[in-house]
Amino acid sequence: MFNQHLIPDAQSLPEGQALSITVEQNDFLITKQQGQIFAYENLCPHQNKPLSCQKECALDEEGDYLKCHHHGALFSPKDGSCITGPCQGSSLKRATIGIVEGNCYLLLA
Ligand code: FES
């Protein structure tokens, strides 16, 4: 059984940008790539710190990768894998997204 949490701004999120939300006292990053919405726990696997406290800083300059501002690790927005940085080979923890009647929800077990 999942708890559904509406992400009000997800559908209008521009391509290549991210927003951060707090649900049940956990922080998540939401990003849209090629029309698909992805969600990850906002915790870098390097030192278990939030990638960013500000949504504007969660992506690299081109908007292609999620970026940890602590030591510069870059993560694929499509699967959360670290492609370069001190935690290369590890991944962000993906969260489940559901779309119901055009609304986007974060689904937490
Ligand atoms: S805490 Fe994220 S790269 Fe070091």
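Read-outs: derived from the displayed coordinates by stated rules, not from any lab. Note that the structure is predicted; figures quoted are calculated from it, not measured. Because the Cβ atoms are built from the backbone with ideal geometry, glycine has one as well, and the counts that use them run over all protein chains shown.
Take every pair of alpha-carbon atoms less than 8 Å apart whose residues are at least six positions apart; their mean separation over the length of the chain yields a relative contact order of 27 percent. Close amide-amide hydrogen proximity is noted between Cys104 and Ile7, Gln11, each under 5 Å apart and 5 or more residues distant or on a separate chain (H modeled in the peptide plane; Pro and chain starts excluded). Taking amide H atoms as placed 1.01 Å from N in the peptide plane, the amide H of Ala95 lies under 5 Å from those of Ala39, Tyr40, Glu41, each 5 or more residues away in sequence or on another chain. Under 5 Å between amide hydrogens, built in the peptide plane, is the criterion, and for Ser90 it picks out Cys82 among residues at least 5 positions away or on other chains. Label separation (Asp79 vs Asn48): 2.6 nm, computed from points 7 Å beyond Cα along the C-beta direction.
Modelled label positions at Glu101 and Leu6, each set 7 Å beyond Cα in the direction of Cβ, lie 1.0 nm from each other.
Couplings 3J(HN,Hα) for the range 61-71, derived from phi with the Karplus relation 6.51 cos²θ - 1.76 cosθ + 1.60 (θ = phi - 60°), are 4, 8, x, 8, 9, 6, 10, 8, 7, 6, 10 Hz, where x marks Gly and Pro. List nothing, just return the count: lysine pairs in the chain, 8 or more apart or interchain, with Cα separation under 16 Å. The result is 9. Here each label is just a point 7 Å from Cα along the line to Cβ, and for Ser90 and His70 those points are 0.8 nm apart. Sorting the segments 30-41, 98-109 by their mean number of nearby beta carbons within 10 angstrom, highest to lowest, gives 30-41, 98-109.
Per the Cα gyration tensor, the chain maps to an equivalent ellipsoid with semi-axes of 22, 15, 12 Å, ordered largest to smallest.
About the Cα centre of the range 3-108, what is the dipole size in debye to 20, counting +1 per Lys and Arg Cβ and -1 per Asp and Glu Cβ, all else neutral?
Values: 7 positive and 12 negative charges, 55 e Å.
I would put it at about 260 debye.
Judged by the mean number of other Cβ atoms found within 10 Å, the most tightly packed of the peptides 78-84, 18-24 leads the ranking 18-24, 78-84.
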